[in-house]
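S.K.: Below are the structure tokens for one structure; questions will follow.
The values are calculated or read from the model by the stated rules, or taken from the named source; none is laboratory data. Predicted model, so just to flag it, every value in this text is computed and none were measured. Don't worry about glycine lacking a Cβ; one is built from the backbone with ideal geometry, like all the others, and counts go over all protein chains shown. For accessibility, only protein heavy atoms count, side chains too; no ligands or nucleic acids. Shrake-Rupley method; radii C 1.70, N 1.55, O 1.52, S 1.80 Å.
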Amino acid sequence: MDALQALVANIQGLSSAGDISHLHVVLKQAPDSLYAESTRLLPVLDQLDPSKHSLGYLYILEACSSGSISKEQGSALVLPIATFINSCDTEQIRLAPDKFLSVCKRFKDQVTVLEEPLRGVAPMLTAIRKIQTSSEHLTSLHPEFLLLCLLSKCYKAGLSILGDDIFEVDQPRDLFLYCYYGGMICIGQKRFQKALELLHNVVTAPMTVINAIAVEAYKKYILASLIHHGQFSTSLPKYTSSVAQRNLKNFCQPYIELANSYSTGKIEELETCVQKYKEKFENDNNLGLVKQVISSMYKRNIQRLTQTYLTLSLQDIANSVQLNSAKEAEMHVLQMIQDGEIFATINQKDGMVRFLEDPEQYKTCQMIEHIDSSIQRIMALSRKLTAMDENISSDALFLGKVGRERQRFDFDDFDTVPQKFNI
Amino acid sequence: MEGDDETSGPMIDDEIYANGVGGDDEKRSRPIISSEQLDVEAYASLYSGRTKIMRLIFIANKSKSNHAMELEALRMAYDEIKKGENTQLFRDVVQMIGGRLGPDYAMDLAWCEMVDRRADQKKEKLENELNAYRTNLIKESIRMGYNDFGDFYYAHGQLGDAFKNYVRTRDYCTTAKHIVHMCMSSILVSIEMSQFAHVSSYVSKAEQSPEALDPVTVAKLRCAAGLAHLEAKKYKLAARKFLETGHELGNHYNEVIAPQDVATYGGLCALASFDRMELKNKVIDNLNFRNFLELVPEVRELINDFYSSHYASCLDYLGNLKANLLLDIHLHDHLETLYGQIRHKALIQYTHPFVSVDLHMMASAFKTDVSGLEKELEALITDNQVQARIDSHNKILYARHADQRNATFQRVLQTGDEFDRDVKSMLLRVNLIKHEYNLKGSRKP
């Protein structure tokens, strides 16, 4: 009976006895050499039940997947890991979160190498739900999961975790990636408001050095802001870190110029600007978004017409927003009516568009419910804010820092006597 | 004033349709004056001194296409300069004439030399005098000496030096009168130099004088301040200053401005910047300003037309005046802006009382076509100056009344969302900072 068999027996015995904490100690104390024999480890897994012996299974699985493994070995691992994630016991794996995270990351790497990201989406979502302590907790699996969603174009699956409000963060880098990928997913789903929110978080997050994620996020932020709001203000809010305020614009010059040419409201200027930097946008993989920016300008101009006109012929619309034909204008207007961006009716007989006012009267029950839920939400939020404030003002580290600063200040205050008089 | 304040009463029934289109027949039949070419001689006779020459030269420069007028202006400028001592200006004008006016208006080198020689002598004499005064330390004499120097430089066209010398007299002023004199001289030179920042500062200095100023001086100061505001594009303030100008001004300030100009500048600025109420109270019912308006009946008429909503005739007057006003040395730069503002005002005022307006009728009231009018209105609506929407199919403009209730709901929901978003991202940032700090704290010890 070698050491490995003893370990397996231990796992089986202690797991069924329910003495998980003892098992954890045993597993941790097992010699590293045991875990090094990765070739012998894989068959051992068959002797264990992932739902009952989760912790032991996890340790062995981690040992199998760590280190360099070939593509074939990797593909052999994908299935057991997926089953393990689906059936493992939450309490047991939470004892060794690091191991679990590293297994999941290897899993994600493997499905990416195999170019089958779709296989990873569902297990990763389960993994996130199992490892996170609350829905406000951002684990390092979040960005990995979103990346898989992006790669497999499963945007809907991604949205399901983007709906949670995140407050607790372990690693700033996770947050940056989470928000950046999340922003891309929301853009893919045309949820520009949410995308802007996420990208905004990246751009304004506290940082001491500028990072590539923030720069890329800022580029997308500019484009999404143009598409959604039709404008972009280059000034960042004052809580943005000073590094970001100083440097971001320099990295995104073509985008700033694009925003400037957008603000002129002239389609030709925008198009010359796009042509000028086409290569740059293409290299950044943002050309598609830039094209959306152009088409949003048509929309913006049509929307402006609704403020001014009650009726307008399609030909006039085409002329004033510089579309080629009345037919094209009709398509635009139709699309916008469908998307609820304008309220209008088209009279095809004489080619007239009649713009209407927003029919929302704020009188329906749904609206009242909506308002009520908004109030509740904001009340909850404000409670949270108060709690956070109390929490911080009683935080030992915070008080220590504040106290230290005051002391130093006082010291400076009294230290006005020149040194030589002291001697 | 021909009872324009009563127009609203009896005319209202039959005037709604004809609003501004026909006006009353009496007005239509009156010939519109001064549409013909500017009478340079009559114009020049309003001014004296350096400004007369400068205005003539300005007209000559502006009317290059009209040779008769250009040469006429240059001829008069030539004659005028000959009376003075400014040889530099003389050379310039002779060059501009370029022999087109025959031998009588050619270069007169003998005259130049004579004037220059005399000037040198005079300068030497003034210098000697000033030095003598300075050694004797008699304040009043030193002041006079500097003042003479200022006058001398002004006459010879060295405006910068003139200004310096006038300002220097300030240290030797002993009475309030002297200070006012110094200010007036500085203002005059500053206006010639187009240094309007100086103008306003010296105007306020003069107005702070402890002694009561005589009405003529007050009127002069108002004009100068008005000009300064006009140049600074503060049309409303300019209008106020011109309107406050007392009729005592008469021809006393024609080295700078003629009373006719006060009426024109004041009238146009007021039209462009005042609302209806102010226009009535401060311009039409202003007895004092009426004296000025009588001098330029066109401006009086156009203000009355504007107030009684005869826009077509008002715009007619404006159009006719335009060519001549463009030849005005002070107004030409601002004319387009003022005209634009007046037109916008008229459009806004026209639409204001109606729930719906027929664009055809409105277009004919403004002597324009419907599509042009639509464009103008579109710009105004986009600027939120006219609350209305255009029915381009039936060519009708409908007033739009903002629904306060809906707007409030919309705003509340939007504000709530913004708050929600901001607080969330703030909490997130706080957590990040806290995390980072904890990390640092755990690393350090």
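S.K.: Given a 1.4 angstrom probe, what's the average accessible area per residue across chain B, in square angstrom?
M.R.: Value returned for chain B: 48 Å² of accessible area per residue.
S.K.: A follow-up question, please. From the Cα gyration tensor of chain B, with a ≥ b ≥ c the square roots of its eigenvalues, which class applies: rounded if a/c is under 1.5, or else prolate if a/b is larger than b/c, or else oblate?
M.R.: Taking the square roots of the gyration eigenvalues as a ≥ b ≥ c, chain B is oblate.
S.K.: Report the residue, chosen from A:304, A:129, A:191, that carries the largest GNM mean-square fluctuation when chain A is represented by alpha-carbon nodes joined by springs under 10 Å.
M.R.: A:304
S.K.: Please average, across the residues of A:306-314, the number of beta carbons from any other chain that are within 10 Å of each residue's own beta carbon, and give a whole number.
M.R.: For peptide A:306-314, the averaged partner shielding equals 6.
S.K.: If you filter the stretch B:33-90 for trypsin sites (Lys or Arg not before Pro), then keep DSSP loop positions with at most 16 other Cβ within 10 Å, what is left?
M.R.: B:64
S.K.: Using a 1.4 angstrom probe and counting only protein chains, how large is the accessible area of residue B:76 in Å², to 10?
M.R.: 30 Å²
S.K.: Tilt of helix A:141-152 relative to the longest C-alpha principal axis of chain A, in degrees (0 to 90, nearest 10)?
M.R.: 60 degrees
S.K.: How big is the antiparallel share of DSSP beta bridges in the protein assembly as shown, given as a percent to the nearest 5?
M.R.: 80 percent
S.K.: Let me ask something else about it. Can you give the angle from 0 to 90° between the axis of helix A:3-17 and the longest principal axis of chain A, with both taken from C-alpha atoms, to the nearest 10?
M.R.: Helix A:3-17 and the main axis of chain A meet at about 70 degrees.
S.K.: Of the heavy-atom accessible surface of the protein assembly as shown (probe 1.4 angstrom), what whole percent is carbon and sulfur?
M.R.: Ligands and nucleic acids excluded, carbon and sulfur reach 53 percent.
S.K.: Label residue A:95 and residue A:280 with points 7 Å out from Cα along Cα→Cβ: what is the distance between them in nm?
M.R.: Modelled inter-label distance: 5.7 nm.
S.K.: Which angle between 0 and 90 degrees, to the nearest 10, do you get for helix B:297-307 versus the longest principal axis of chain B when only C-alpha atoms count?
M.R.: Taking the Cα atoms of chain B, the angle to B:297-307 is about 20 degrees.
S.K.: Follow-up question, since we're still on this one. Per the helix-only calculation at 222 nm, which mean residue ellipticity applies to chain A, given -39500 (n - 2.57) for every DSSP H run of n ≥ 4 and division by its residues, nearest 500 deg cm²/dmol?
M.R.: Only helices count here, giving -22500 deg cm²/dmol.
S.K.: Here is a follow-up. Using a 1.4 Å probe on the heavy atoms of the protein chains only, list every residue of the stretch B:371-412 that has 40 Å² or more less accessible area in the complete assembly than in its chain alone.
M.R.: Residues losing area: B:378, B:389, B:390, B:392, B:393, B:400, B:405, B:406, B:409.
S.K.: Applying 1/(1 + (r/R0)^6) with R0 = 25 Å to the Cβ-Cβ distance of residue B:68 and residue B:193, what FRET efficiency is obtained, to the nearest 0.05?
M.R.: 0.20
S.K.: What trypsin sites (Lys or Arg not before Pro) does the stretch B:99-142 have in DSSP loop regions with at most 13 other beta carbons within 10 Å?
M.R.: Answer by residue number: B:100.
S.K.: Please tell me which of these pairs span more than 29 angstrom C-alpha to C-alpha: A:105/B:434; A:349/B:367; B:233/B:282; A:71/A:190; A:276/A:299; B:220/B:280?
M.R.: A:349/B:367; A:71/A:190
S.K.: Another question, then. Under the definition of partner shielding as Cβ atoms of other protein chains within 10 Å of a residue Cβ, what is the mean value for peptide A:164-174?
M.R.: Counting Cβ atoms of other protein chains within 10 Å of each residue's Cβ and averaging gives 3.
S.K.: Projecting each Cα onto the charge dipole of the protein assembly as shown (Lys/Arg +1, Asp/Glu -1 at the beta carbon, about the Cα centre), which of B:203, A:51, A:217 comes out farthest on the positive side?
M.R.: Farthest towards the positive end: A:51.
S.K.: A further question on this structure: Bin width 10 Å, alpha-carbon pairs only: give the P(r) of the stretch A:182-280 as whole percents, running from 0 to the bin holding the largest distance.
M.R.: 16, 46, 33, 5
S.K.: Could you name the aspartates and glutamates whose alpha carbon sits less than 18 Å from that of residue A:280, not counting residues in the same chain fewer than 8 places away?
M.R.: By straight Cα distance, residue A:280 reaches A:216, A:257, A:269, A:271.
S.K.: Got a number for the accessible area of residue B:138? Probe 1.4 Å, square angstrom, nearest 10.
M.R.: Number for this one is 80 Å².
S.K.: Here's another thing I want to ask about it. As an exercise, use a Förster radius of 22 Å and the Cβ-Cβ distance of residue B:114 and residue B:255 to find the FRET efficiency, rounded to the nearest 0.05.
M.R.: The formula returns an efficiency of 0.30 here.
S.K.: Still on this structure, please answer the following. Taking the dipole about the Cα centre of the stretch B:214-347, with the C-beta of Lys and Arg at +1 and of Asp and Glu at -1, give me whichever of B:341, B:297, B:325 is farthest to the positive side.
M.R.: Farthest along the dipole direction, towards plus: B:341.
S.K.: Take peptide A:342-355, look around each residue's Cβ out to 10 angstrom, count Cβ atoms belonging to other protein chains, and average those counts.
M.R.: Partner-chain Cβ atoms within 10 Å, mean over residues of A:342-355: 1.
S.K.: Before we go on, tell me the buried accessible area for the A/B pair, both chains summed, 1.4 Å probe, in Å² to the nearest 100.
M.R.: Buried: approximately 4200 Å² between B and A.
S.K.: Further, regarding this structure: Kindly give Rg over Rh for the protein assembly as shown, based on alpha-carbon atoms, with the Kirkwood expression for the hydrodynamic radius.
M.R.: Ratio of gyration radius to Kirkwood radius for the protein assembly as shown: 1.15.
S.K.: Taking a label point 7 Å from the Cα of residue A:387 along the Cα→Cβ vector, which residues of the stretch A:111-139 have an amide N closer than 14 Å to it?
M.R.: In the stretch A:111-139, the label zone of residue A:387 (backbone N under 14 Å from the point 7 Å along Cα→Cβ) covers A:134-137.
S.K.: Moving on to the next point. If each residue of separation counts as 0.36 nm, what is the full-extension length gain between residue A:171 and residue A:19 once their alpha-carbon separation is subtracted?
M.R.: 51.5 nm
S.K.: What residue among A:11, A:392, A:161 shows peak mean-square fluctuation when chain A is described by a Gaussian network model with Cα springs under 10 Å?
M.R.: A:392
S.K.: Here's a follow-up. Can you find, among B:356, B:435, B:242, the residue sitting farthest towards the positive end of the charge dipole of the protein assembly as shown, where Lys and Arg contribute +1 and Asp and Glu -1 at Cβ?
M.R.: B:435
S.K.: How much length is gained if the chain between residue A:404 and residue A:251 is pulled fully straight, taking 0.36 nm per residue apart and subtracting their Cα-Cα distance, in nm to one decimal?
M.R.: 51.2 nm
S.K.: Using 0.36 nm per residue of separation minus the Cα-Cα distance, give me the extension gain between residue B:384 and residue B:82 in nm, one decimal.
M.R.: 103.1 nm
S.K.: What is the dipole size for the stretch A:1-133, taken about its Cα centre, with +1 at each Lys and Arg Cβ and -1 at each Asp and Glu Cβ, in debye to the nearest 20?
M.R.: In total the dipole reaches around 340 debye.
S.K.: While we're on this one: Too long at a 26 Å Cα-Cα cut-off: which of A:108/A:238; B:83/B:123; A:266/B:236; A:156/A:291; A:291/B:424?
M.R.: Listed pairs above 26 Å: A:108/A:238; A:266/B:236; A:291/B:424.
S.K.: OK, next. What whole-number value in Å² describes the accessible area per residue of the stretch A:309-367 for a 1.4 Å probe?
M.R.: 57 Å²
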